[in-house]
Amino acid sequence: SASAGTAPSGTATHCPYCALQCAQTLTPVAGGGADGAPVLTVEGRDFPTNQGGLCRKGWTSAEVLTAPDRLTAPQLRGADGELREVSWDAALDHVATHLREQRERRGSDAVAVFGGGGLTNEKAYALGKFTRVVLGSRLIDYNGRFCMSAAATASNRSLGLDRGLPFPLPDLAGADCVLLLGSNLAATMPPFVQHLEGVRSRGGLVVTDPRGSATAALTAEGAGVHLAPVPGTDLVVLLALLHVVLAEDLVDHEYLAARTTGLEALRASAAAWWPERAEAVCGVPARRLRQVARMLADASPSRGGRGAYVLTGRGVEQSTQGTATVTAAIDLALLLGLVGRRGSGYGPLTGQGNGQGGREHGLKADQLPGYRKITDPEDRAHVAAVWGVDPESLPGPGVPAVELLGMLGRPVGPSALIVCGANPVVSAPDVSRVRERLAALDLLVVMDTVPSETALLADVLLPVTQWAEEEGTMTNLEGRVIRRRRAREAPGGARSELWILRELAARLGVPTGFPAEASAVFDELARASAGGRADYSGLSHERLDREGSMHWPVPGPDHPGTPHALLDGFPTADGRARLLPVTHEDPADPLRADAPLHLVTGRLLEQYQSGAQTRRVPSLLAARPAAFAQMHPLLADLLGIEDGEEVLLRTRSGELRVPAEVTEEIRPDTVFMPFHYPGEGSANLLTGSATDPLSGMPGFKVTALEVLPAPRP
Ligand code: SF4
């Protein structure tokens, strides 16, 4: 159950990977592993989000703990270019000396920090505080920028709140219609599918995806509708749905009058997108667009339905108009009166395990703990008081991740970078450029559990504890704060990032304020968040252990948490949600005569993010050992190639050779590549650095592509 998080035997914790944060029980096996620490077995545990289920990644997650190349000692790169093991004191002294030197030479923004959405809340908080207080740098951001930034920006603008799903996941079961825009959750978070059984049984699941993905397949046999728009035209699909809802007067008038503003401007922006015009751009038949708009409207409570949900995923968010697309999705939900009402709603499906908590507690360039704004004088004063520093000493906002990576090693950019829990050499867009920028640094420090592709470029490599070796909290895709618990000791010389930050802070002249115990960090985080948008002040490790997980805000020790947010109004200046106009624009990298196809990148069931963890699990690697280019038989015929033969993919950013995987389950004008692989198979050799101007989200899903049969060696 969601309560108390204890298991009859073994340790009750949660999966190390995605934001579903499935509950697990870890039990030591007698005998132990080669490193002397116990080997663990994994079982699914009953919990609202996974109801006992796990996916293949979760079942095998304990194998990551004992990866043969697990890092157990700090390493320093010598004058000969080789990494060599050194003592912790030597490594930390080296880092502190060089960080001080860079700052003295080039100012406080000489050092930048790049965090990860898999770090616990405590680590995210400590890293943000370390950057702003100890380094005095404004330059911090995290890989969650590649994941949730468009949805977060749109949610804040329209609703005044970014909490992932503002309702508990099991609520979905009662809906008559769920519109799932650009998520392949059946592959990325399979236990989620059980929450869609109800809506499927009523024929109400709508999936948009240019591929016939595992999730699109859930709509078969009368369970719903699959729309396969041209990549880059999701906003046109939504504009057409908005058009139909407005033109056919399917809106919830009472709700709009009481709880929203901006209807007329939105009406004007959707007026030109009647379904037939939209069809010519997005390729979805006009009758389908009308059908889906009516399905959603009929499911909405104002028209007597059981309820409807609009959910967005990376498929529609990872574009240079990602914020506009999510804004249109929210507009649609608002027109139908779905948001802030039990049994209906809008929400984005967070990807990374703690993508949500990471930005709530300070990893994002413009945010302070408690989801406070770094530009707001009151927010700065509150956090500065908790940190015991002068608010004037806190740096201002930094820059989004892609921009930050592009500044590294340039004459006016940072000369040192600390990477913590991320592998941007595989996961960032345009990875050739990222490698180039990392190589131009004077100092690259990487904290990781394994020698990831980014870690292998480090000047100093610091081995850290992970997941089942540590205490902490994570915040899942529903804004539910959960406990992560230690089930084994870390191997050899690995240390928690909290300990490393404490040691570095002390060497840099800040001897207090960085406890190494996660519960103490959480208590400070709770104080820093008090009164903020993400208020954790009523929580502690002890309370979460006693009472079980809780949805924020939890503004006091007696507050029961907030499973349903927005019911009593929107946290905007006037308490109303904002209907915002949206405009479709051509992609940053439009198709050309020499690049006539769409490249979309995405995920596979057996791998997670950059693959640094899952490629080290033998059964997962064996299932999906290498990258491939999925394409339609019509395209394969045109190229004169068979399934499994190599093709050459070329974009403005680069080129690579991979085998073709030929399937009818994709649009003939589109090629799909998974992005989990490094080196020559890295899909992000092909993606560009253009970003959404509002959120900094890269356009991973919209790249113009040329495909050729690969020349034989
Ligand atoms: Fe659950 Fe996600 Fe872990 Fe799979 S990867 S077990 S869906 S948390």
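The values are calculated or read from the model by the stated rules, or taken from the named source; none is laboratory data. Being a predicted model, the structure only gives us computed values, none of them experimental. Don't worry about glycine lacking a Cβ; one is built from the backbone with ideal geometry, like all the others, and counts go over all protein chains shown.
Is it the case that some residue within region 574-585 is more than 16 Å from the ligand (Cβ to nearest atom), not in a loop (DSSP other than H, G, I, E, B) and not β-branched (Val, Ile, Thr)? Among the residues of region 574-585, at least one is more than 16 Å from the ligand (Cβ to nearest atom), not in a loop (DSSP other than H, G, I, E, B) and not β-branched (Val, Ile, Thr), which makes the answer yes.
Per-residue answers, yes or no, for (1) among the charged types (D, E, K, R); (2) in contact with a helix residue (DSSP H, G or I) (Cβ under 7 Å, 6 or more places away or on another chain); (3) not assigned by TED's automatic domain parsing to the domain that holds residue 174:
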{"residue": "192", "(1), (2), (3)": "no, yes, no"}
{"residue": "229", "(1), (2), (3)": "no, yes, no"}
{"residue": "240", "(1), (2), (3)": "no, yes, no"}
{"residue": "247", "(1), (2), (3)": "no, no, no"}
{"residue": "259", "(1), (2), (3)": "yes, no, no"}
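If we scan region 667-681, do we find a residue that is over 18 Å from residue 427 (Cβ atoms), at pLDDT below 95 and assigned to a loop (DSSP other than H, G, I, E, B)? No, region 667-681 has no match at all. Against the criterion of being without any contact (Cβ under 8 Å) to a residue 24 or more places away in the chain and not aromatic (Phe, Trp, Tyr), residue 644 qualifies. State whether one or more residues within region 335-344 are crowded, with 24+ Cβ neighbours inside 10 Å, part of a helix (DSSP H, G or I) and assigned by TED's automatic domain parsing to the domain that holds residue 175. Yes: region 335-344 contains one or more residues that are crowded, with 24+ Cβ neighbours inside 10 Å, part of a helix (DSSP H, G or I) and assigned by TED's automatic domain parsing to the domain that holds residue 175. Just one of the listed residues (207, 199) is hydrophobic (A, V, I, L, M, F, W, C), under 30 Å from residue 585 (Cα atoms) and either over 22 Å from the mean Cα position of the chain (by Cα) or more than 16 Å from the ligand (Cβ to nearest atom) (or both), namely 207.
Let's see how each residue does on (1) within 18 Å of residue 454 (Cβ to Cβ); (2) under 21 Å from the mean Cα position of the chain (by Cα); (3) more than 16 Å from the ligand (Cβ to nearest atom):
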{"site": "39", "(1), (2), (3)": "no, no, yes"}
{"site": "46", "(1), (2), (3)": "no, no, no"}
{"site": "65", "(1), (2), (3)": "no, no, no"}
{"site": "78", "(1), (2), (3)": "no, no, yes"}
{"site": "83", "(1), (2), (3)": "yes, no, yes"}
{"site": "88", "(1), (2), (3)": "no, no, yes"}
{"site": "117", "(1), (2), (3)": "yes, yes, no"}
{"site": "120", "(1), (2), (3)": "no, yes, no"}
{"site": "133", "(1), (2), (3)": "no, no, yes"}
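From the list 247, 220, 271, 187, the lone residue that is in contact (Cβ under 8 Å) with a residue 40 or more places away in the chain and surrounded by fewer than 22 Cβ atoms within 10 Å (Cβ to Cβ) is 187.
Is it fair to say residue 615 is part of a helix (DSSP H, G or I), in contact (Cβ under 8 Å) with a residue 12 or more places away in the chain and either of a type in the set (Val, Ile, Thr) or not assigned by TED's automatic domain parsing to the domain that holds residue 454 (or both)? When the stated conditions are applied, residue 615 passes them.
Among the residues of region 100-159, the ones that are under 23 Å from residue 16 (Cα atoms) and among the acidic types (Asp, Glu) come to 2 in all. The set of residues in region 213-271 being acidic (Asp, Glu), under 30 Å from residue 189 (Cβ atoms) and part of a loop (DSSP other than H, G, I, E, B) consists of 221 alone. For region 551-566, the criterion of a residue being more than 26 Å from residue 344 (Cα to Cα) and either buried (at least 21 other Cβ atoms within 10 Å of the Cβ) or of a type in the set (D, E, K, R) (or both) is satisfied by at least one position. The criterion of at least 3 residues that are under 21 Å from residue 539 (Cα atoms) is met by the following strands (runs of 3 or more DSSP E) wholly inside region 451-501: 472-475, 480-484.
Is there a residue being hydrophobic (A, V, I, L, M, F, W, C), under 28 Å from residue 192 (Cβ atoms) and outside any helix (DSSP H, G or I) anywhere in region 323-332? Looking through region 323-332, none of the residues is hydrophobic (A, V, I, L, M, F, W, C), under 28 Å from residue 192 (Cβ atoms) and outside any helix (DSSP H, G or I). Output yes when any residue across region 175-187 is farther than 25 Å from residue 589 by Cβ, away from the ligand (no atom under 16 Å from the Cβ), acidic (Asp, Glu) and outside any strand (DSSP E or B), and no when none is. Within region 175-187 (the criterion being farther than 25 Å from residue 589 by Cβ, away from the ligand (no atom under 16 Å from the Cβ), acidic (Asp, Glu) and outside any strand (DSSP E or B)), the answer is yes, since at least one residue qualifies.
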